[in-house]
1. By counting other Cβ atoms within 10 Å of each Cβ, how are 276, 211, 289, 400 ranked from fewest to most?
2. Which of 366, 25 comes first, and how do the rest follow, when ranked by fewest Cβ neighbours within 10 Å?
3. Suppose R0 equals 41 Å. What FRET efficiency, 1/(1 + (r/R0)^6) with r the Cβ-Cβ distance, do residue 173 and residue 278 give to the nearest 0.05?
4. By the scheme Lys and Arg +1, Asp and Glu -1, what is the net charge of all other residues having a beta-carbon under 9 Å from that of residue 84?
5. Which ³J(HN,Hα) values in Hz, rounded to whole numbers, follow from the phi angles of the range 185-197 under the Karplus curve 6.51 cos²θ - 1.76 cosθ + 1.60, where θ = phi - 60° and Gly and Pro get x?
6. Using 16 Å as the cut-off for backbone N distance, which residues of the range 225-260 belong to the label zone defined by a point 7 Å from the Cα of residue 396 along Cα→Cβ?
7. Over the range 105-244, what lengths in whole Å, largest first, do the semi-axes of the equivalent ellipsoid take, defined as the square roots of 5 times the eigenvalues of the alpha-carbon gyration tensor?
8. Sort the following peptides by mean Cβ neighbour count (other Cβ atoms within 10 Å, averaged over residues), highest first: 311-317, 236-242.
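Derivation of every value follows stated rules applied to the coordinates shown; laboratory data play no part. Note that the coordinates shown come from a computational prediction; the quantities given were computed from them, not determined experimentally. Here Cβ is always computed from backbone atoms with ideal geometry, including for glycine, and neighbour counts include all displayed protein chains.
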Amino acid sequence: MSGDARALFAGTSYVAMGTLFGAALTFVFYILGARVLGPENFGNLSLITAVSAILAISMGINVTPAVKYSSGARDEAVRTAIISTSYIAIVLFTAASVIIYALAFQWLSLIFGISSELFFFSVVYAVTLTFFTLTMSPLRILFRMRTFGLFNGIQSVIALSVFLVLISNNLRSWESAAFSIYISYIAITLVLVFYLRDQIKLEFDGFWAKKLITYSAFAAPGVIASAFLGVDRILINIFLTTADVGIYAAYYLPSITIALMLWGILNAAFFPYASKSSDRLSILRNINKAVPYLAAVLLPSIFLLELLAFAFYGRQYAFSWEIAFFFALAATTSVIFQAYLWLVASEGMMGAKVTTYSTILSLLVLIGLDVVLIPLIGISGAALTLIFAYLIPTLFLFSKRRILGGGQEQWQRSASIERPEVLK
């Protein structure tokens, strides 16, 4: 192993320990929530998370470019300038978004097909999630992976603890589950703001603000499309019932959610590592070699996890072998898609364009098949659609692999020419 590879492995190991511990508690949180709340209330909670992902688009759009450029920064002053600028920009974007949502809440609630109460909770969820993600990102940039894993675990501990307290006092509603998540995000955000006080300064750098916004502009359509991938739950709510949304979410949790959580463990270190790598084609070759083994392990593991989850859900949730297989296959495909997506995203502006196209393609496939298959075969149609929504853009990304041969983006050189004082 090279020094960089050892650093990636060590960083991933730290993230894995904390995140897997936290994931186990989060899994318990949602299993308990599904069992206690029942399909309809669990469906309401799922709708909140789906709508909040869309509402958060305008809030946290600068997080990824901040990680991209900060990870490659060799100079501490440059890194601090990027982090501080991204914080200020995201705070401003979040404030503006909340004002717009408050003014148009009735109209937006109607568009999403949810009540005003659910929309309000979705806005709060979007805000707390944005700031949680924002404050966690510098830990990835600074490669403090042990701390990153620790706080991931603590967030899950807080959420589950608060939820247990609430339901033990007979507060058994989707609102209790939502409040538990809010409290956990807010608590971690406040602690991390204090912990990272040396990197978060009230300094706005116009040069890096322009750089971040330019990258975000290229990536924005992809970010929007990615957030709208949760529209499947909204469509199920329109074509079927809220209880069906809850059943769909019951399959989604032990399959797609767990698969993306596992990818998130790796990507916490993978994206910064790939961003500063000068040989991304070598990384691509390693991913290609790993794909068959990954599929052989993930597919049966996810299927067994679904069986286990439904054993705990209770009789309110009927198990379908067909739907479970579709979700296991979709979960496996989703991890492969994410691996190619984030490798291409690490290439810079061109990577941002290609990932945008792939995510838009994924959304178009999702919506196009969902509106046909959900009315015909119900939840099975939505699960089958997920497979193609991940598979087709994965093939598209693989067809664009040649862009990875361009080497590392020379942003530092341009920075020293346009803003020589930045690197002093």
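1. Numbers: 276 15, 211 22, 289 10, 400 18.
Fewest to most other Cβ atoms nearby, the residues stand as 289, 276, 400, 211.
2. Numbers: 366 24, 25 18.
The fewest-first ordering by Cβ neighbours comes to 25, 366.
3. Details: r = 53 Å, r/R0 = 1.29.
Once rounded, the FRET efficiency stands at 0.20.
4. On the way: positive: 201; negative: 203, 205.
Around residue 84, the surrounding residues sum to -1.
5. After applying 6.51 cos²θ - 1.76 cosθ + 1.60, I find 5, 5, 4, 5, 4, 5, 5, 6, 4, 5, 5, 9, 4 Hz.
6. 225-230
7. Values: eigenvalues 182, 119, 34 Å².
Working from the Cα gyration tensor, I get semi-axes of 30, 24, 13 Å.
8. Working: 311-317: 14.4, 236-242: 19.0.
By packing density, highest mean first, the sequence is 236-242, 311-317.
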